[in-house]
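Engineer: Provided herewith is a single structure, encoded as structure tokens, for subsequent inquiry.
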Amino acid sequence: KSSHFVCELIQNADDNDYAESVQPKLTFTIGDEYLEVQNNERGLRRKDVEALCNINLSTKSQRSDATGEKGLGFKSVFKYTAEPHIASSGYMFKFVEPTKDHPLGYVVPHPIT
């Protein structure tokens with residue numbers, strides 16, 4: 001499987017918003033059946049979640065200090081996993097692989113309970 005998504009996740013962490021007193025930190029934990037990525041950013045906002053659910057929609061396109069701007073970086077994880085889970089700022093959801101019953105799987109978030 002392609003490992004390009006790791007570079008995209010690092011780039012996203014670099015572009016994230018951090019509190020002034022926080023030293024940015026990004027960790028990757030590899031298990032037998034999972035890869036967990038943690039970052040101490042401020043957390044997702046509604047517009048960030050909406051950008052994750054769209055193609056070519058980025059919250060960074062107006063920022064001159066951001067590396068990413070096309071709204072495609074996170075989507076690179078779909079080459080690694082069919083079901084990425086996201087937990088941030090009270091949001092807990094996953095994307096699922098598109099199927100006949102869920103053709104918009106990579107676009108519509110599914111709650112994690």
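The values are calculated or read from the model by the stated rules, or taken from the named source; none is laboratory data. As the structure is a prediction and not an experimental result, all values here were calculated from the model. Note that each Cβ is placed from the backbone with ideal geometry, even for glycine, and that neighbours are counted across all protein chains shown. In case anyone asks, the SASA skips ligands and DNA or RNA and just uses the protein heavy atoms, side chains included. Shrake-Rupley method; radii C 1.70, N 1.55, O 1.52, S 1.80 Å.
Engineer: Just to verify a result, which residue in the stretch 75-89, among those that are assigned to a loop (DSSP other than H, G, I, E, B) and free of Cβ contacts under 8 Å to residues at least 40 places away in the same chain, is least open to solvent (accessible area, probe 1.4 Å)?
Structural biologist: By that ranking, first place goes to PRO84.
Engineer: To continue, here is another question. Would you point out the residue of the stretch 24-44, among those that are under 12 Å from the mean Cα position of the chain (by Cα) and over 18 Å from ALA82 (Cα atoms), that is surrounded by the most Cβ atoms within 10 Å (Cβ to Cβ)?
Structural biologist: My answer is LEU44.
Engineer: Take the stretch 59-96 and flag every residue that is at pLDDT below 80 and of a type in the set (Ser, Thr, Tyr).
Structural biologist: Within the stretch 59-96, THR59, SER61, SER64, THR67 meet the criteria.
Engineer: So which residues in the stretch 90-104 are surrounded by fewer than 18 Cβ atoms within 10 Å (Cβ to Cβ) and in a loop (DSSP other than H, G, I, E, B)?
Structural biologist: Listed by number, the residues that qualify are GLY90, VAL96, GLU97, PRO98, THR99, LYS100, ASP101, HIS102, PRO103, LEU104.
Engineer: Something else now. Could you tell me which of the residues ASN56, ASN12 is touching a Gly at 6+ places or on another chain (Cβ under 6 Å), modelled with pLDDT under 90 and over 15 Å from PRO84 (Cβ atoms)?
Structural biologist: On inspection, the qualifying residue turns out to be ASN56.
Engineer: Using the structure shown, decide if THR99 is modelled with pLDDT of 65 or more, more than 11 Å from the chain's Cα centre (by Cα) and among the hydroxyl-bearing types (Ser, Thr, Tyr).
Structural biologist: Here the answer is yes, as THR99 does meet what is asked.
Engineer: Out of everything in the stretch 69-113 that is of a type in the set (Lys, Arg) and in contact with a Ser or Thr (Cβ under 8 Å, 6 or more places away or on another chain), what residue ends up being nearest to ARG45 (Cα to Cα)?
Structural biologist: The extreme case among them is LYS70.
Engineer: Those residues that are assigned to a loop (DSSP other than H, G, I, E, B), out of contact with any Pro (no Cβ under 6 Å at 6 or more places or on another chain) and open to solvent by less than 70 Å² (accessible area, probe 1.4 Å), I need them from the stretch 1-23; list them, please.
Structural biologist: SER2, ASN16, ALA19, VAL22
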